[in-house]
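Taken together, the values in this text are just the output of simple stated rules run on the coordinates, not laboratory data. Quantities reported herein were computed from a predicted structural model and do not represent experimental measurements. Cβ sites come from the backbone with ideal geometry, for glycine too, and all protein chains shown count toward neighbours.
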Amino acid sequence: MATSFPLQPLEIMAKNHAILATTGFLILLPVGVLVARYARTFTPVWFPVHFVVQLFLSGPVIFAAWYYGWKTSNVLGLGHFLDPHQKMGLALLILYVLQLLLGLFTHYIKLRSPFGPGTRSPQNYFHVFLGLVILILAAEQVHYGLYIEWAFATGGLHVVPMAAKRTWIALIVIFWVLYLAGLALVPRQFAQEKRARHGTPTKSDEIGLQNNHSGDVQSA
Ligand code: HEM
Ligand code: HEM
């Protein structure tokens, strides 16, 4: 049922939650991932940018989203972390915090890699894997919010606009097309890492950029 009267305060709260959560998980985090994917073989600046986007830009937006979601559940008297959207919301927040800690750990604490000197440790691979898992789960969470949770929680007084649903699919398609295309840089990345392991100067050395010996050239 589509109505023309304005959104009620509770709906505004839920809408704020939805917009902030979508912005944090489906725009800002993917931007931070694409910065890593595209920039890492060209400049070491990819790391501070990735760090700032994932922690200082995404963090406040994600926690503000949580605040509005929690408040909406409170006003509705639904309890917390009971239905699938609430449970997955909690899981995503925990995974996000774990991923931040893992990213910091990966960067600041270099473990000896079982794959040989100068190669990436399992923690690095796990950070990449978990990052992509978070984005997949968040895509499903926003879909569930748009198609199920909104109507369930607000009673369907106002329907979710088609534009919001189209935005969802557009964000997913744009990110994955760009990310998969960015994998074309993996051979270049591995070649740089190999050269760094053998102490051969890389193009980036020539232009004055720094490498380190962590196994992720131009990185962390
Ligand atoms: C990645 C995106 C999202 C995350 C991580 C997320 C997470 C959450 C969390 C943690 C809560 C509070 C749960 C609680 O207090 O037990 C919540 C509530 C809620 N969310 Fe989301 N959400 C997301 C996207 C959306 C979207 C896109 C919509 C709607 C279009 C939506 C609609 C709601 C509503 C209506 C509530 C309050 C009712 C309830 O507690 O079930 N969410 N969400
Ligand atoms: C304090 C925050 C963070 C730090 C310090 C950090 C650090 C790093 C480091 C060191 C790498 C390189 C790993 C390697 O390939 O060797 C990396 C890549 C990556 N990070 Fe983070 N990260 C942070 C937050 C996040 C978050 C929240 C996500 C969640 C989406 C994320 C997703 C990724 C992905 C997917 C890659 C791999 C990109 C690619 O090359 O394909 N990171 N990050």
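When only Cα pairs below 8 angstrom with a gap of at least 6 residues are kept, the range 56-142 shows a relative contact order of 25 percent. Look at where the Cα atoms of the range 94-123 and of the range 125-180 average out, and the two centres are 28 Å apart.
Calculated [222 nm] ellipticity per residue, helices only, for the chain: -20500 deg cm²/dmol; basis is -39500 (n - 2.57) per DSSP H run with n ≥ 4, divided by all residues, nearest 500. For the range 1-69, the C-alpha radius of gyration sits at 1.48 times the compact-globule guess of 2.2 N^0.38 Å, with N the residue count.
Counting every C-alpha pair in the range 10-158, the share spaced more than 29 angstrom apart comes to 25%. Applying 0.36 nm per residue to the separation of Ala91 and Ile174 and subtracting their alpha-carbon distance, the gain on full extension is 27.4 nm.
Near Leu185, once Lys and Arg are set to +1 and Asp and Glu to -1 for all other residues with Cβ below 11 Å from its Cβ, the sum equals +3. Using the Cβ of Gly69 as centre and a radius below 14 Å, the other residues enclosed give a net charge of 0, where K and R count +1 and D and E count -1. Note on the range 101-182: Cα-Cα pairs beyond 21 Å make up 52% of the total pair count.
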